[in-house]
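Since the structure comes first, as structure tokens, the remarks are kept for the end.
The values are calculated or read from the model by the stated rules, or taken from the named source; none is laboratory data. Note that the structure is predicted; figures quoted are calculated from it, not measured. When we count neighbours, we look across all protein chains shown, and the Cβ atoms used for this are built from the backbone with ideal geometry, even at glycine.
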Ligand code: BGC
């Protein structure tokens, strides 16, 4: 019981309210369901343990640079993480000539509003309200677009993976340090859904049943799945999804727990397990750059992908 109390306290401290001053008009554009992109963007996935990056061909979702990973600095203050982001971008582009207009999409573990985080459950609370788009842009010297990390993973699945061409209500859940969610209605993203923080047994769900929570609590797959099924039943009751896609580190172990999952709707694992955050963040940045180019026709057009072997 003492543990549960400490858990609750920690959760309350880390999840903060939406910024009441956020201007909804300043939110980034999300790609249209039928939008198809071309050209390049750099995708970054900022997680609790690692910051990953690669250059992505937006027409095919192929990584056209090696995937670079560095440890997330601890504490994960925005200033420290921005230095790491600049470093992974530099290393990603080593030996590749990529014009300065090629944008960077950055997936972050929190609610994204008007270029800032409005919550920070698994990252330093200093992120909340910090002008992320502006400051990361200054650190990398390129246009930057920030997006929630689970929304980014969902966009990758929508454009190229398990959610491609799917109408109805599609939900992606990423199971890792926390639980992230991306909700699509007829292919359109409802951003910042944060279903990992639904109340579950009187607590914040992800503190009990995320991948990290399973390990911390020493739960076997059977015991974890029993609780996770109750959570899924709640999610189905609220949103009646037609399809649930499981992503994140835990989904790599699908063989161990997939058969234990009970839902009314169809369930599948994500097409991109390691790279969905990178691909989706790049895709969101490409979509934003295209929207801006349409609003400002004089904006430079991104070049086509150079021929670079994947993993070269
Ligand atoms: C955050 C979400 C994020 C998820 C996965 C949660 O704690 O609140 O914004 O998508 O973790 O990283």
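Summary of values
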| item | result |
| --- | --- |
| Checklist (1) within 15 Å of the ligand (Cβ to nearest atom); (2) farther than 24 Å from residue 287 by Cβ applied to residue 118, failing item | (2) |
| Subset of the stretch 164-193 that is within 14 Å of the ligand (Cβ to nearest atom) and within 20 Å of residue 34 (Cβ to Cβ) - its residue that is surrounded by the fewest Cβ atoms within 10 Å (Cβ to Cβ) | 190 |
| Residue check for residue 112: within 11 Å of the chain's Cα centre (by Cα) and touching a residue at least 40 places away in the same chain (Cβ under 8 Å) | yes |
| Evaluation of residue 249 against (1) modelled with pLDDT of 95 or more; (2) under 29 Å from residue 55 (Cβ atoms); (3) in the same structural domain as residue 225 (by TED's automatic domain parsing) (one fails), failing number | (1) |
| Qualifying residue in the stretch 144-151 (condition: away from the ligand (no atom under 16 Å from the Cβ) and part of a helix (DSSP H, G or I)) | no |
| Selection count, the stretch 253-286, where residues are touching a helix residue (DSSP H, G or I) at 6+ places or on another chain (Cβ under 8 Å) and in a loop (DSSP other than H, G, I, E, B) | 10 |
| Residues of the stretch 245-257 satisfying the condition of being within 14 Å of residue 173 (Cα to Cα) and surrounded by fewer than 17 Cβ atoms within 10 Å (Cβ to Cβ) | 252, 254 |
| Condition check for residue 211: without any contact (Cβ under 8 Å) to a residue 40 or more places away in the chain, in contact with a strand residue (DSSP E or B) (Cβ under 8 Å, 6 or more places away or on another chain) and closer than 25 Å to residue 271 by Cβ | yes |
| Condition check for residue 161: free of Cβ contacts under 8 Å to residues at least 60 places away in the same chain and either more than 16 Å from the ligand (Cβ to nearest atom) or touching a helix residue (DSSP H, G or I) at 6+ places or on another chain (Cβ under 7 Å) (or both) | no |
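Yes/no per residue for (1) within 22 Å of residue 293 (Cα to Cα); (2) part of a strand (DSSP E or B); (3) at pLDDT 95 or above; (4) more than 14 Å from the ligand (Cβ to nearest atom):
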{"residue": "54", "(1), (2), (3), (4)": "no, yes, yes, yes"}
{"residue": "85", "(1), (2), (3), (4)": "no, no, yes, yes"}
{"residue": "96", "(1), (2), (3), (4)": "no, no, no, yes"}
{"residue": "110", "(1), (2), (3), (4)": "no, no, yes, no"}
{"residue": "123", "(1), (2), (3), (4)": "no, no, yes, no"}
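Conditions (1) surrounded by fewer than 23 Cβ atoms within 10 Å (Cβ to Cβ); (2) not assigned by TED's automatic domain parsing to the domain that holds residue 30, marked per residue:
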{"site": "203", "(1), (2)": "yes, yes"}
{"site": "207", "(1), (2)": "no, yes"}
{"site": "211", "(1), (2)": "yes, yes"}
{"site": "234", "(1), (2)": "yes, yes"}
{"site": "285", "(1), (2)": "no, no"}
